[in-house]
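The block underneath contains the structure these notes are about, expressed in C-alpha cells.
The values are calculated or read from the model by the stated rules, or taken from the named source; none is laboratory data. Worth saying up front: this structure is predicted, and the values here are computed from it rather than measured. Here the Cβ is made from the backbone with ideal geometry for all residues, glycine too, and neighbour counts use every protein chain on show. These area figures cover heavy atoms from the full protein model, side chains too; ligands, DNA and RNA do not enter into them. Shrake-Rupley method; radii C 1.70, N 1.55, O 1.52, S 1.80 Å.
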Amino acid sequence: MKNLFANRVLNNDTSDLNEIFKNSANPENISFAGGFPDNRLFPDHDLKTAYQNAISQDGQAIFQYASTQGLPALRQKLANRMATCAGVHVDADNVMLTQGGQQAIDLVAKLLLNRGDAMAVEGPTYMGALAAFDTYEPTYYEIPVDQDGMDVHYLKNTLKAHPEIKLIYTVPDFHNPTGTTMSLRRRQALVALANQYDVIILEDSPYRDLRYSGKNLPAIKHFDTEGRVIFISSFSKILSPALRTGWLVADDEIMTELIGLKSAIDVQSPNVTLAAINSYLDHHDIDHHIANINAAYRVKRDAMLNALDRYFPASVTYTRPAGGFFIWVSLPQGIDAQQLLRDVVLPQAHVAYVPASCQFASRQVTNGFRLNFTSLDPITITTGVKRLGAILHNVTTNTTVKVGAQL
Ligand SMILES: Cc1ncc(COP(=O)(O)O)c(C=O)c1O
C-alpha cells in the first residue's frame, strides 16, 4: 500500500528511533532517552482541582466550541508572563494557544515552507522539530552549536552563500539536545542577521523557566524590531505534557495566517484544558511550583554530572548545562553511538540514550548522544552512568568491545 503514501512520509524513517524508545520503556533498562519530566513532580492534586473548577465555574458554555486562538483570559496571563519573564511586550491578541509546542512548530513550518525551501537548523537539534519540518520537505542548512548556542558567525556565512534561506529554527535556552544557552550577543546578532537577510526566526523555548544556576537572558523575540521572530513555549515541562498545551507569540501579519492554519487542523485546542490551566494559574503560584521542580532537577543534574566526572573516560566530553533536561556527550571520532547502543550498551549495560545521528538534519554525525537527567532519581542516574562509563572505557581503549566496522 506504500505506493499510495505521500513522499513526506516515505522520506521519514523513524524505525531506529521507535526501537530506542521501545527499549527504553522496558523496565529492565535505565533509560536516559526520553525527554520526560519526573512523574512525581506533577502538581496532580492542584490540576485535578483546576479541572473541577473549570467544569463547574463556567456552566454549559465550557462544553461549547470556542475561539481558535484559545481562551482570552489565559492568553492575557501569558502575555503578562512574556513581559515579566522574557522581556517581550505583546497583547493577548499576539498569543495563540496550541496543542503543545509541537503543534506550534508544525504550524510555522506549514506557514513558511514549500517543498525544497531552504531553512537553517542547529546541528544537533530537537528531533521532534526535524520530524515536523521533514513533512514539508525543506532543504536544510546545518549550523553548529557550541557552549554559547548557535554559531552565528557560521550562520552569517551560510546566509551569505544561501540568501534563499527563509527560516532559522533555534532552541536558545537549555537547548535540546545539548543543554547550552545562546549568549546575549548572539541573540542580538541573530536578529540583526534575520533583518539583513529577510529571514524568519522560530525561537523554541520550552525549557526557559528551568534554570538551576545563573540568570535568564531576554528572549530573542525581545530584540525583534521587524516582527520576524516567532516565539513558542509550552506547559509540558513546567506543569504536565499531558495537558498538550503550548503557546505561540507572533506579530499580527503572521498571527492572522497561523489562526487560519490552526482552524483548518483542529478548530481549537480543548477548551476544558485551557480553562483548567487558567484556573490553576488563578489559584496557585506557578513560579513557586517551578522553583520546587528546579530544586529537584538541580539535584538530578548534579548527580549526573558527578557520575559523568567519576565514571566516564577522559576522551569522552560532555556539556555542563545550567538548566533544562539534557546533557550532550561527544565520543571520539569513529565511534557510532547508534551501533554502540544496539550492539553493546542496551544488551550489556541495559542503558538507553538517544544517539547523535537522528538529531542532525544531515544524519551524518554519529559520535555523540543525548542524556536526559530529569525523569530518573539520582541513585538510578548514578547506576546508569556507571554502567555506561564501563562500556565507554572498553570502547575508547578499544580492548574488549567491538562495535562494528568503524572501531
Ligand atoms: C525543544 C522542544 N520543542 C518542543 C517540544 C514539544 O513539546 P510539547 O509539544 O510537549 O510542548 C519539545 C519536547 O520535548 C522540545 O524539547
**Message:** Would you confirm, using the coordinates I've provided, whether residue 109 is open to solvent by less than 20 Å² (accessible area, probe 1.4 Å) and touching a Lys or Arg at 6+ places or on another chain (Cβ under 7 Å)?
**Reply:** no
**Request:** Among the residues of segment 21-50, count how many are in a loop (DSSP other than H, G, I, E, B) and either within 15 Å of the ligand (Cβ to nearest atom) or within 18 Å of residue 236 (Cβ to Cβ) (or both).
**Result:** 9
**Request:** Give segment 363-374 a look and list any residue that's open to solvent by 20 Å² or more (accessible area, probe 1.4 Å) and either of a type in the set (Val, Ile, Thr) or modelled with pLDDT of 95 or more (or both), or say none.
**Result:** 365, 366, 367
**Fill in**
Of 277, 265, the only residue that is over 20 Å from the mean Cα position of the chain (by Cα) and open to solvent by 10 Å² or more (accessible area, probe 1.4 Å) is 265
**Asked** Is it the case that residue 340 is open to solvent by less than 10 Å² (accessible area, probe 1.4 Å), among the aliphatic types (A, V, I, L, M) and farther than 24 Å from residue 127 by Cα?
**Response** no
**Filtered residues of segment 184-209 (kept if of a type outside the set (Ser, Thr, Tyr) and within 16 Å of the ligand (Cβ to nearest atom))** = 201, 202, 203, 204, 206, 208, 209
**Message:** So residue 28 ticks every box in (1) in contact (Cβ under 8 Å) with a residue 12 or more places away in the chain; (2) open to solvent by 80 Å² or more (accessible area, probe 1.4 Å); (3) more than 30 Å from residue 297 (Cα to Cα) but one. Which box is left unticked?
**Reply:** (3)
**Inter-residue pairs, beta-carbon under 6 Å, first closer than 13 Å to residue 41 by Cα and in segment 233-249, second of a type outside the set (Phe, Trp, Tyr) and more than 9 Å from the ligand (Cβ to nearest atom), 6+ apart** = 237/37; 238/209; 238/290
**Request:** For residue 139, work out the one condition from (1) in contact with a helix residue (DSSP H, G or I) (Cβ under 8 Å, 6 or more places away or on another chain); (2) closer than 13 Å to residue 362 by Cβ; (3) away from the ligand (no atom under 16 Å from the Cβ) it doesn't fulfil.
**Result:** (1)
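One line per residue, one yes/no per condition, for (1) of a type in the set (Phe, Trp, Tyr); (2) assigned by TED's automatic domain parsing to the domain that holds residue 204; (3) within 16 Å of the ligand (Cβ to nearest atom):
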{"site": "297", "(1), (2), (3)": "yes, no, yes"}
{"site": "308", "(1), (2), (3)": "no, no, no"}
{"site": "317", "(1), (2), (3)": "no, no, no"}
{"site": "334", "(1), (2), (3)": "no, no, no"}
{"site": "343", "(1), (2), (3)": "no, no, no"}
{"site": "371", "(1), (2), (3)": "no, no, yes"}
**Message:** Name the single residue that is most open to solvent (accessible area, probe 1.4 Å) among those in segment 303-331 being in a loop (DSSP other than H, G, I, E, B) and farther than 15 Å from residue 388 by Cα.
**Reply:** 320
**Prompt:** Just one of 69, 102 is open to solvent by less than 40 Å² (accessible area, probe 1.4 Å) and either within 16 Å of the ligand (Cβ to nearest atom) or assigned to a loop (DSSP other than H, G, I, E, B) (or both); which is it?
**Reply:** 69
**Asked** Before we move on, is residue 224 crowded, with 19+ Cβ neighbours inside 10 Å and away from the ligand (no atom under 16 Å from the Cβ)?
**Response** yes
**Fill in**
(1) modelled with pLDDT of 95 or more; (2) part of a helix (DSSP H, G or I); (3) open to solvent by 40 Å² or more (accessible area, probe 1.4 Å) all hold for residue 394 apart from (1)
**Request:** Could you please let me know if residue 58 is more than 27 Å from residue 327 (Cα to Cα), acidic (Asp, Glu) and at pLDDT below 95?
**Result:** yes
**Complete:** Taking segment 238-256 and the residues there that are open to solvent by 40 Å² or more (accessible area, probe 1.4 Å) and assigned to a loop (DSSP other than H, G, I, E, B), the one that is nearest to the ligand (Cβ to nearest atom) would be 244
**Message:** Being of a type in the set (Val, Ile, Thr) and closer than 16 Å to residue 357 by Cβ: is that true of residue 335 here?
**Reply:** yes
**Among the candidates 350, 288, residue that is farther than 30 Å from residue 87 by Cα and open to solvent by 60 Å² or more (accessible area, probe 1.4 Å)** = 350
**Residue count for segment 87-99, restricted to those that are assigned to a loop (DSSP other than H, G, I, E, B) and open to solvent by 10 Å² or more (accessible area, probe 1.4 Å)** = 5
